[in-house]
Amino acid sequence: MKPRAFGLGVLAVTLVAAMVPFLDRHAELPIWQHHLLHAGLLAGGALGGIFVTARARGSQGGSAFWLVPALLAPMVAMFAMWPSAYNYFELHPSGHVLEHLLLIALAYITTASAENYAAGLGWIVGGAMVFMAVAAARGFGVSFGNGG
């Protein structure tokens, strides 16, 4: 299978997964598990960006312009998962799906931009982005109670 076709397939599956808020049972997920779902959406978008932009490249890198979206998009993605938005998204599944689509798009932009700058850099920034979401699952927006 060609890398581009694989990347498009990963994106297709990830886009279907983004529709989870339209299911009745999605609200039963604890916040930390929902963060892991977000990490999976970020991983799908990131892999899509890497494989769709994969191409044979010489030793010469791309324009430094590509570093701007590669560095800013992950920060926007982390703000998109701000805990104060949870109550709104629980009541508005369409908004929640749009948040998921935004996360996928930001992950795609991050890795595609990084790959356009230098082959292999998408793996690093995409991996860091997914790591941030996984790390946040047990501390960002999660109350541990008295035993913390």
_Selection from the range 79-106 of residues that are open to solvent by less than 40 Å² (accessible area, probe 1.4 Å) and either under 19 Å from Gly49 (Cβ atoms) or not in a helix (DSSP H, G or I) (or both)_ = Ala80, Met81, Glu99, His100, Leu103, Ile104, Leu106
*Is it true that some residue in the range 61-77 is buried (at least 17 other Cβ atoms within 10 Å of the Cβ) and closer than 19 Å to Phe22 by Cα?*
no
*Residue by residue through the range 31-42, note down the ones that are touching a Gly at 6+ places or on another chain (Cβ under 9 Å) and open to solvent by 30 Å² or more (accessible area, probe 1.4 Å).*
Ile31, Trp32
*Going by the conditions given, is Ala105 under 25 Å from Leu23 (Cα atoms), modelled with pLDDT of 90 or more and of a type in the set (Gly, Ala, Ser)?*
yes
_With the requirement that a residue be over 23 Å from Phe131 (Cβ atoms) and of a type in the set (Gly, Ala, Ser), what does the range 85-116 give you?_
Ser94, Gly95
*Before we move on, is Ala73 at pLDDT below 90 and within 17 Å of the chain's Cα centre (by Cα)?*
no
*Determine whether Ala118 is open to solvent by less than 70 Å² (accessible area, probe 1.4 Å), of a type in the set (Gly, Ala, Ser), closer than 27 Å to Val16 by Cβ and at pLDDT 85 or above.*
no
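The values are calculated or read from the model by the stated rules, or taken from the named source; none is laboratory data. Computed from a prediction, not measured in an experiment: that's the story for all the values here. Reconstructed Cβ throughout: ideal geometry from the backbone, glycine too, with neighbour counts over all protein chains shown. Surface areas here come from the heavy atoms of the whole protein model, side chains and all, with no ligands, DNA or RNA. Shrake-Rupley method; radii C 1.70, N 1.55, O 1.52, S 1.80 Å.
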